[in-house]
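The values are calculated or read from the model by the stated rules, or taken from the named source; none is laboratory data. A quick note: this is a predicted structure, and the numbers were derived from the prediction, not measured. Heads up, the Cβs are rebuilt from the backbone with ideal geometry, glycines too, and the neighbour counts pull from every protein chain shown. Ligands, DNA and RNA are stripped out before the accessible areas are found, and what is left, the full protein with its side chains, is counted by its heavy atoms. Shrake-Rupley method; radii C 1.70, N 1.55, O 1.52, S 1.80 Å.
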Amino acid sequence: MQHLRNCWYQAGWSTEIANDGQLVRTILDIPIMMFRKIDGTLAALHDRCPHRFAPLSAGLLNGDTVRCGYHGLAFAGDGTCAHNPHGPITSAMRVRSFPVVERHRAIWLWFGEAELADPDRIPDLSFIDETPETARITFSMPTAANYQLLTDNVMDLSHLDYLHPTSLGGVAVEAKTKSYTDGDMVVAEWLTLDCVPPPAFRSLVPSGNADMWMEVRWNAPGVIVLGTSTTPAGVARTPMDETYTLHNMVPETATTSHYFICSTRRFLADDENLSAFVKQSLTHAFTHEDKPMIERQQQRMGTDDLWSLHPILLGTDAAAVRARRKLDELIASEQSTGLPKADA
């Protein structure tokens, strides 16, 4: 499977690696060992010793080096060999290192050309930094499905009415919709006026009808920000009415993904009961409704690519199709430059 390389992939949340801690994740079929160095910054290495290919993460982490637990070769955070107990260090004694940064409370890895690894190419997720912890809900959901199926799911919110009928659904199909491309970004919007709010939103409009707005903004390869607002019918929304949620789909393998979620809101930021309700609603919808359906979808598709199965396309597929075509375009453009494969 072809992947976009010259971009940042989220590898986890910063809180997953404590001081002197490590985290192992497979991304783009490459096992990566990440660890926090003495100065607090992160290092990321291919989790495979170049000697006999044992996982470095099964060895000993000591300060800024990791020692292979099989034969004792030690490597620094930049991938160079720091110690060879069996003789001199040679130039071949090196493990691949990856550019790694922390931004927006997340860990980001770069798999392409290292000289192009500019942190400013990470999509702007400053809404996460601006939200107090009491109004920020962060979790992840490993999923046995291709990451583009997860992207499709969020780019077509008409599924809310059928997959989440008792919580989030009831207004998406009747909404006024539009989608368009903005540079390399794909945007889709749903607007439903004077509607009965779904159960999960009823607390925001306790009585009467509501106006509901939903917008998704997709950046390659799978970074989506979902904005929503629910206000009394006829009342214009303000920035304080809006919620923003990161949906970041990261390919682990061709048929498995890491799904990172961070939900934020600008209203009732200190309301612990509301935060508990939102967290329960989200985790239930994701883990008991979205995840099982998409994993079953992957099982039926097997290893076939979506387009090779000639899917019937509906009007509601417009945004998802735009995102897939844009990603294909970006990958083709990158490959035309002769970018070397990054899994060596």
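Data overview
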read-out: Test: residue in segment 175-197 that is out of contact with any Leu (no Cβ under 8 Å at 6 or more places or on another chain), assigned to a helix (DSSP H, G or I) and open to solvent by 40 Å² or more (accessible area, probe 1.4 Å); value: no
read-out: Residue match in segment 230-241 (condition: under 19 Å from the mean Cα position of the chain (by Cα) and surrounded by 17 or more Cβ atoms within 10 Å (Cβ to Cβ)); value: no
read-out: Pair list, Cβ < 7 Å and 6+ apart or interchain, from segment 199-219 residues that are of a type in the set (Asp, Glu) to residues that are outside any loop (DSSP other than H, G, I, E, B) and open to solvent by 60 Å² or more (accessible area, probe 1.4 Å); value: 211/193; 211/194
read-out: Single condition residue 314 does not satisfy, out of (1) under 17 Å from residue 151 (Cβ atoms); (2) touching a helix residue (DSSP H, G or I) at 6+ places or on another chain (Cβ under 7 Å); (3) exposed (fewer than 14 other Cβ atoms within 10 Å of the Cβ); value: (2)
read-out: Cross-chain or 6+ apart pairs with Cβ under 9 Å, segment 288-311 first and without any contact (Cβ under 8 Å) to a residue 60 or more places away in the chain, then of a type in the set (Lys, Arg); value: 307/324
read-out: Matching residues in segment 248-271 - criterion: being under 30 Å from residue 237 (Cα atoms), aliphatic (A, V, I, L, M) and open to solvent by less than 40 Å² (accessible area, probe 1.4 Å); value: 249, 261, 269
read-out: Which numbered condition residue 308 fails, given (1) farther than 26 Å from residue 161 by Cβ; (2) crowded, with 17+ Cβ neighbours inside 10 Å; (3) out of contact with any helix residue (DSSP H, G or I) (no Cβ under 6 Å at 6 or more places or on another chain); (4) of a type outside the set (Asp, Glu); value: (2)
read-out: Entirely in segment 55-159, the strands (runs of 3 or more DSSP E) that have 2 or more residues that are open to solvent by less than 50 Å² (accessible area, probe 1.4 Å); value: 65-67, 74-76, 100-103, 106-110, 136-140
read-out: Condition check for residue 166: assigned to a loop (DSSP other than H, G, I, E, B), open to solvent by 30 Å² or more (accessible area, probe 1.4 Å) and either touching a residue at least 24 places away in the same chain (Cβ under 8 Å) or at positive phi (or both); value: yes
